[in-house]
1. Taking the chain as a Gaussian network, where each spring joins two C-alpha atoms under 10 Å apart, which residue of Ala233, Ala78, Ala120 fluctuates the most?
2. Computed FRET efficiency, Cβ-Cβ of Lys253 and Glu148, R0 41 Å: what is it to the nearest 0.05?
3. Could you name the lysines in cross-link range of Lys158, using Cα to Cα under 29 Å and dropping any fewer than eight places away on the same chain?
4. For the stretch 273-398, just say rounded, prolate or oblate: build the C-alpha gyration tensor, square-root its eigenvalues into a ≥ b ≥ c, call rounded for a/c under 1.5, and beyond that prolate if a/b exceeds b/c, oblate if not.
5. List, in order, the whole-Hz ³J(HN,Hα) value for each residue of the stretch 269-277 obtained from phi through the Karplus relation with A = 6.51, B = -1.76, C = 1.60 and θ = phi - 60°; use x for Gly and Pro.
6. I'd like the Karplus ³J(HN,Hα) series for the stretch 94-106: coefficients 6.51, -1.76, 1.60, θ = phi - 60°, whole numbers in Hz, and an x wherever there's a Gly or Pro.
7. What's the center-to-center distance, using Cα atoms, between the stretch 291-320 and the stretch 322-398 in Å?
8. Which distance in Å, rounded to a whole number, links the C-alpha centroids of the stretch 142-179 and the stretch 36-89?
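All of the numbers you see were taken from the coordinates with simple rules; none came from a lab. Predicted model only: the values in this text are computed from it and were never measured. Heads up, the Cβs are rebuilt from the backbone with ideal geometry, glycines too, and the neighbour counts pull from every protein chain shown.
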Amino acid sequence: MAKVQNNLVIEAVDEIAGAIRLVTGVDGAVLHEPMIGQVELDAVHHCISGGFVSSVGPAITQFENMICDYTAAEHAIAVVNGTAALHLMLVANDISSNSEVLVPALTFVASGNAILQANAMPHFVDSSPADLGIDVSKLDGYLADITEMRDGCCWNVKTGRIISHVMPVHVFGHIGNVEGLNALAERYNIKIVEDAAEALGSWKGGCHAGLFGTCGALSFNGNKIVTTGGGGAILTNDAKLAKRIRALATTAKRDHPFLYWHEARGFNYRMPALNAAFGVAQMARLDAMLEAKLRLRMTYQDAYLTSIYATFFAGPDDCQGNHWLNAIQLDESLSQHRDAILHGLNERGYGCRPVWNLLFELPHFKDCPSMPLDQAADLVNRLINIPSSAMLASDLVS
Ligand SMILES: Cc1ncc(COP(=O)(O)O)c(C=O)c1O
């Protein structure tokens with residue numbers, strides 16, 4: 001029996017690795033690497049020579065303006081990383097210690113950590129197998145069972161807390177059922193704050209990720225489509241909120257040439273100019289990166305058409321995603337063998353990885369409320385990310 005299973009794993013690894021080899025033309029590839037060249041070196045050099053290396057300087061404004069121009073957001077506030085962006089947007093939204101924030105269990109740990117850091121309680125919800133976002137109709141039925149509206153607020157009758165916010169996550173750049181979520185959020189008077197960390201360059205219905213609710217957070221970590229080394233930004237169309245976020249990111253210091261008066265408990269979250277200069281050079285590459293990523297995705301999709309062990313995870317076809325990370329979904333018969341298959345693929349030199357552990361399973365989230373998570377659990381057992389760097393699409397301009 002063990003031998004039969006072993007053969008099955010070997011055959012699956014052969015087939016999956018064969019498709020990666022066919023698409024990329026290389027014998028080994030990391031999961032995702034940034035594209036950095038002379039323009040980035042020049043931009044950082046110019047920033048250092050100009051003397052603006054810390055949290056003020058023209059590069060920061062230029063980077064923020066480029067983000068606004070690209071996303072059509074009215075405001076973009078650049079910060080030190082995506083996790084700080086998530087934390088800051090929750091604090092600026094007046095989250096209280098009696099609040100619960102609905103968040104998918106299938107996300108990177110930062111989404112849940114930011115909620116705890118803002119003194120609120122993550123409340124885990126299930127994910128849709130079609131788009132990896134929140135399963136809105138399942139959530140609707142669940143909220144009908146566990147909540148009641150009192151004084152215009154959505155009370156969780158089981159925990160005695162108010163469900164004040166929902167944080168959709170655009171996993172791998174796919175945008176899920178945001179229209180359904182908007183309608184549901186309106187009915188329950190719940191505000192939407194988006195974790196769009198992975199979704200720079202993703203659009204749906206003419207709206208960029210991060211702008212479907214009150215505000216959204218982007219990440220510019222080294223593994224993202226545009227990197228600033230470390231960095232993040234908050235997008236919003238609300239001028240008052242943008243002003244508050246900007247102030248809180250800068251220790252809430254009153255604008256004054258020499259006095260140190262702080263209006264509130266703020267944070268030192270502003271992005272340094274060095275990183276912003278790097279980001280300016282990277283933003284200029286964004287269109288080329290998106291084009292290359294689309295090409296890579298289409299080639300992968302074709303390569304897995306005849307696969308018997310895995311299907312390419314195409315995501316929703318009503319969203320124009322950024323194709324940040326490609327994923328395949330193992331056949332159900334292989335869900336017990338995910339890790340053995342991952343070992344095999346990594347031994348062949350392909351940096352493949354599983355999706356995250358469900359946050360609910362991590363020790364520091366063990367007391368958080370949760371709805372049944374059967375779909376998310378199945379996705380965890382079967383999804384595998386495959387090498388997705390833009391330069392794997394041949395003929396990309398460097
Ligand atoms: C879904 C998600 N949320 C939040 C983050 C946090 O961003 P950062 O690493 O910039 O803090 C990341 C990425 O790293 C992410 O993938």
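1. Ala120
2. Between Lys253 and Glu148 the formula returns 0.45.
3. Lys138, Lys191, Lys366
4. Verdict is oblate for the stretch 273-398.
5. Each residue's phi maps through the Karplus curve to give 10, 5, 5, x, 4, 4, 5, 5, 4 Hz.
6. 6, 5, 10, 6, 9, 9, 10, 10, 6, 8, x, 6, 8
7. Between the Cα centre of the stretch 291-320 and that of the stretch 322-398, the gap is 15 Å.
8. Cα centres, the stretch 142-179 to the stretch 36-89: 33 Å.
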